[in-house]
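Down below is the structure, laid out as structure tokens.
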Amino acid sequence: MSEKSKDDSVPKKKTKKAAVKKTAVKKTVAARSKAKSVKTSVKKPVSKTKLEKPVPKTRKKTALESPLQETLKLGIPAAPKSVLVEMTKIEQQPSTKSSEANGNIRNESSINPNRELTQPNDASIANGNNIPSAQPTQAPYQQKPRFEGRPQFNNNRPNNFMRNSRNRHDSGGRPDFRQGRPDFRGRPDSRAMANPRDIVSPSRLEAAKALYSMEKGAKISDVLELKRNLKPEDEALLRELVYGCTRQKRLLDYHLNSFCTTAYDQLPIEVKVALRLGIYQLYFLDRIPAHAAVHESVNLAKQSGQEKLSGFVNAVLRTAETKKAERVIKGESDMDTMALQFSHPTWIVKRWAKSMTPEQLEQTLKADNQPHPVYLRVAPGSRSRVIETLGRQNVRVNETSWPADTLSLKSHEGGLFSGESFQKGEWIVQDWVPQAMLDLLPLNEGQRVWDVCAAPGGKTIGLAWKTGEKGQVMASDASAERRKRLIENVNRIGLKQVSVFDHEITKLSPAQKFDMAWVDAPCSGTGVLSRRADLRWRLMPKDVIEHADQQKDLLVQAQGHLYPKGYLVYSTCSLEYEENQRVIEAFLKDYPEFKPVNLKVPEGHPEIYGDELGLTFLPTAEHDGGFMSVLSR
């Protein structure tokens, strides 16, 4: 090869290498351009202008609204631009607040339903707590199914529940109430309940309705007289829950207040009712499982329109269950501690402590929180027949040694008021104390008696049975409505010797004279706080003395219609000195010709004690309390 050929071959070789290098550069540039176009296509649907546009106020919140939009509505500063790139990924992230909305709370600090929403810090952003990571990704987020091969949930199917727990509490999730059934506030619902787990048992739902009505001013006797068509076992649980929650109201609220990190007094009434029902079952009804008590109280909160606080109800009751053995009761003083322990107003406990021994005081407070037996007074000579007849109705009774014509119910699986003996008027329902008072009266057959405050008629019927067919009993009452009930009861028994005076007693002719006049005067009712469970929370100290003038006036009116040797009987269902002994003292001061009669009480009844003015009946686990005095010229 020549020298020139060698020189020409070298440049040609270099030119080929340069061409190869140039081609590689072009391919790299083309690849980068293609990647840039792909990245640009990813960023296009998430432009900053579109994301930062505020949400219109009139737009309804949809069932799957993103946490980012939630952040904007709550006034939390928007995330940086790099964060906004990940909108598609944000839409798929579940909300961590949903666990709280479903009641999945296990610490006391989260019990407060009014806690403030705090602004997220850097740590929360880094941990992904509702705020996406600040590092953008190279490719768009691809949603993956939760389970491979599993079909997506069909929103058109019945009984559908959103997987996202946040959606269960807004307008796009399941409704609160069953179609056509009102909540316990008495408000009709317009949506159908989908989840059978949210249904509340009939007894608890009716108990919640009753307690809610009482919080609005209704009396316990009125709410329990409503016809509900419940099974016997449901009716029994209903009465237990209503009476128990009412009697123990102060103690239940004391414990619940200690378990809440928010102000308990500021909670909605519906939530308080659900909490009281739950904690009463946890602390006083051992036969009810704890999970059932908590679960149904949570559902009660949902059905009452307080679904947002259902998790709060769950958390408080779980805390109460955990700390059941650790509960301590401590008031501002010894009297206040005792009042809390036995769920009474402190002013009542202080009053009773002045006139009772410590043993009598504790016995009375305990008795007020216990259900008393139901007593029947049977017609003279029909005791054995009534026991046999009731036995055929599956009604079992206990016989009492005193009074002689008294029975106490042991159990009644059958219909107590549907049997033959009730229709024939062979017995009436009457508490033990008025029956004992009737037995102590110096009354004989054939005498004339005036029952001054007679309704609903128990004393009137007892007096008629005691005076016999030859006797005469006149009944009167100031209330026209109560007189109607009096007439109904007397007519059922079929007592021809009873007449009802349908006027004010001031219009009674002076010529009308009686061997005995019984004034069962209106009073505060502090002796019947077990039967009238709501009364203790409605009484005020002034109520103890407001009836005193009326009570004395009734005695003055009645004494003017007595024969010279007649008896004047005064009784109350109160334990207060101002309504009992002091009224007798004031009357005797104006009518000194009357003297108290010494009444003989059978042995075995230490709860009945007397002084020179009358007898006091302290409440026990077996009966109510009251006072009676018999005066004669």
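The values are calculated or read from the model by the stated rules, or taken from the named source; none is laboratory data. Everything numeric here is computed off the predicted structure, so don't read it as measured data. So basically every Cβ, Gly included, is an ideal-geometry build from the backbone, and we count neighbours across all protein chains shown. What goes into the accessible areas is simple: the full protein's heavy atoms, side chains included, and nothing from ligands, DNA or RNA. Shrake-Rupley method; radii C 1.70, N 1.55, O 1.52, S 1.80 Å.
Against the list (1) within 18 Å of residue 449 (Cα to Cα); (2) open to solvent by less than 50 Å² (accessible area, probe 1.4 Å); (3) touching a helix residue (DSSP H, G or I) at 6+ places or on another chain (Cβ under 8 Å), the condition residue 506 fails is (2).
For region 515-532, the criterion of being more than 25 Å from residue 588 (Cα to Cα) and touching a Pro at 6+ places or on another chain (Cβ under 7 Å) is satisfied by at least one residue. Scanning region 458-468 for residues that are part of a loop (DSSP other than H, G, I, E, B) and either modelled with pLDDT under 95 or among the basic types (Lys, Arg) (or both) yields a count of 0.
Being of a type in the set (Lys, Arg) and in a helix (DSSP H, G or I) is a property that holds for residue 536.
Here residue 602 fulfils each of the conditions (1) in contact (Cβ under 8 Å) with a residue 12 or more places away in the chain; (2) part of a helix (DSSP H, G or I); (3) open to solvent by 10 Å² or more (accessible area, probe 1.4 Å) apart from (2).
Quick one: is residue 332 among the acidic types (Asp, Glu), under 26 Å from residue 538 (Cα atoms) and not in a helix (DSSP H, G or I)?
Yes.
So for region 345-365 (the condition being in a loop (DSSP other than H, G, I, E, B), more than 29 Å from residue 438 (Cβ to Cβ) and open to solvent by less than 20 Å² (accessible area, probe 1.4 Å)), does at least one residue qualify? Taking every residue of region 345-365 in turn, at least one turns out to be in a loop (DSSP other than H, G, I, E, B), more than 29 Å from residue 438 (Cβ to Cβ) and open to solvent by less than 20 Å² (accessible area, probe 1.4 Å). For region 381-438, the set of residues classified as hydroxyl-bearing (Ser, Thr, Tyr), touching an Asp or Glu at 6+ places or on another chain (Cβ under 7 Å) and either assigned to a helix (DSSP H, G or I) or open to solvent by 10 Å² or more (accessible area, probe 1.4 Å) (or both) consists of 389 only.
If you take the residues of region 213-239 that are in contact (Cβ under 8 Å) with a residue 60 or more places away in the chain and part of a helix (DSSP H, G or I), which of them is most open to solvent (accessible area, probe 1.4 Å)? Taking the candidates together, the pick is 232. Scanning region 308-333 for residues that are farther than 28 Å from residue 345 by Cβ and touching a residue at least 60 places away in the same chain (Cβ under 8 Å) returns 308, 309, 310, 311, 312, 314, 315, 318. Restricting the first residue to region 487-515 and requiring it to be farther than 27 Å from residue 429 by Cα and in a loop (DSSP other than H, G, I, E, B), which pairs with a second residue that is open to solvent by 50 Å² or more (accessible area, probe 1.4 Å) and not small (Gly, Ala, Ser) meet a Cβ separation below 7 Å and a spacing of at least six or different chains? Close Cβ pairs satisfying both conditions: 513/563.
Going through (1) modelled with pLDDT of 95 or more; (2) farther than 30 Å from residue 603 by Cβ; (3) surrounded by fewer than 21 Cβ atoms within 10 Å (Cβ to Cβ) one by one, residue 452 falls short only on (3). Of the residues contained in region 547-557, one or more are found to be β-branched (Val, Ile, Thr), surrounded by fewer than 16 Cβ atoms within 10 Å (Cβ to Cβ) and not in a loop (DSSP other than H, G, I, E, B). For region 589-597, does any single residue satisfy the condition of being open to solvent by 20 Å² or more (accessible area, probe 1.4 Å) and part of a strand (DSSP E or B)? So far as region 589-597 goes, yes, one or more of its residues are open to solvent by 20 Å² or more (accessible area, probe 1.4 Å) and part of a strand (DSSP E or B).
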